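To keep things clear, I will list the structure first and then write my remarks on it.
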Amino acid sequence: MAPKRVSRKKLLKEPDEFISTTGKILQFLRERRRQMAIYGIIALAVVASAFAGYSYLRWQEGKAQAIQQQAFQFYQEASRRGDNPEGEKENYQKALEKFREALSVYSWGRTAQVARIYIGYCHYALKEYDQALASYSQCLDGPFQPMAFNGMGYSYEAKGDFAKALDNYQKNAEEDGNPYQEEGLLGIARCYEALNQQQKALGAYQKSLSRNPKSRLADFIQWKIGELKG
């Protein structure tokens, strides 16, 4: 059955669907103009606030890094091992204060982790081992973890707690490619010696030499192996 024809006159009288829909949209926009303007202002305010916050954090980080540079100067001066123990102690103390100041300015990300690690180093140099351990323990997650384990090993060893020192040294020694693996193995050997476990100490020295035959400490390690073999 052929579809019923509609006259052109009738079609012109009926509302155009596109025009009708467009009209409704325009009417809706007019009615909501004030509300949309408010939403737009809020969105701009949020963006501006986020940008201002980001800029402020970057400024804080830059300020903290500038303070850290001052701290590094004191730390390097103290690390030169001159014939002035009091001068070294004073410079470590100054470095410590500057690293703390940097951390108080900016306590996020890598910049803050650098400050915490070096706060630990300064406390260790000042023979404040518990404070060093507290600082190192804040760096166990992230890129400075091997440095933290190494520092904790030395701190526990200095306190005479060889079992805990051993535990921290082992965490570095187990991982191939760890930049502190050799120090970890030598730390393990020292701790086993202190615990009168000479065979385990010998094994740690031998393992260290086999993994690093061209180590700058190779002669010392060979001497320790010979000593422990008797």
Selection from 170, 139, 93 lying farthest towards where the dipole of segment 62-198 points positive, charges on Cβ: 93
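May I ask you to derive the FRET efficiency for residue 200 and residue 158 from their Cβ-Cβ distance with R0 = 35 Å, giving the value to the nearest 0.05?
0.95
Given the Cα-Cα distance of residue 79 and residue 137 and 0.36 nm per residue of separation, how much length would full extension add, in nm? Spell out each step's value before the answer.
On the way: separation 58, 0.36 × 58 = 20.88 nm, distance 2.30 nm.
My answer for the length gained is 18.6 nm.
Please state the shape class of segment 142-230: rounded when a/c is under 1.5, otherwise prolate if a/b exceeds b/c and oblate if not, all from the C-alpha gyration tensor.
Values: a/c = 2.24, a/b = 1.24, b/c = 1.81.
The shape class here is oblate.
Relative to the Cα centre, what is the charge dipole magnitude of segment 168-224, using +1 at the beta carbon of each Lys and Arg, -1 at the beta carbon of each Asp and Glu, and rounding to the nearest 20 debye? Walk me through the numbers on the way to the answer.
Numbers: 8 positive and 7 negative charges, 29 e Å.
Taking the Cα centre of segment 168-224 as origin, the dipole is about 140 debye.
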Peptides ranked, highest mean first, by Cβ atoms within 10 Å: ranges 154-165, 215-226: 154-165, 215-226
Set 127/224; 164/229; 63/89; 63/171 screened for pairs whose C-alpha atoms are more than 32 Å apart: 63/171
Student exercise, segment 57-139 dipole from Lys, Arg, Asp, Glu Cβ charges, in Debye to nearest 20: 340 debye
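None of the figures in this text is laboratory data; all of them are computed from the coordinates on show. Source: prediction; values computed, not measured. Heads up, the Cβs are rebuilt from the backbone with ideal geometry, glycines too, and the neighbour counts pull from every protein chain shown.
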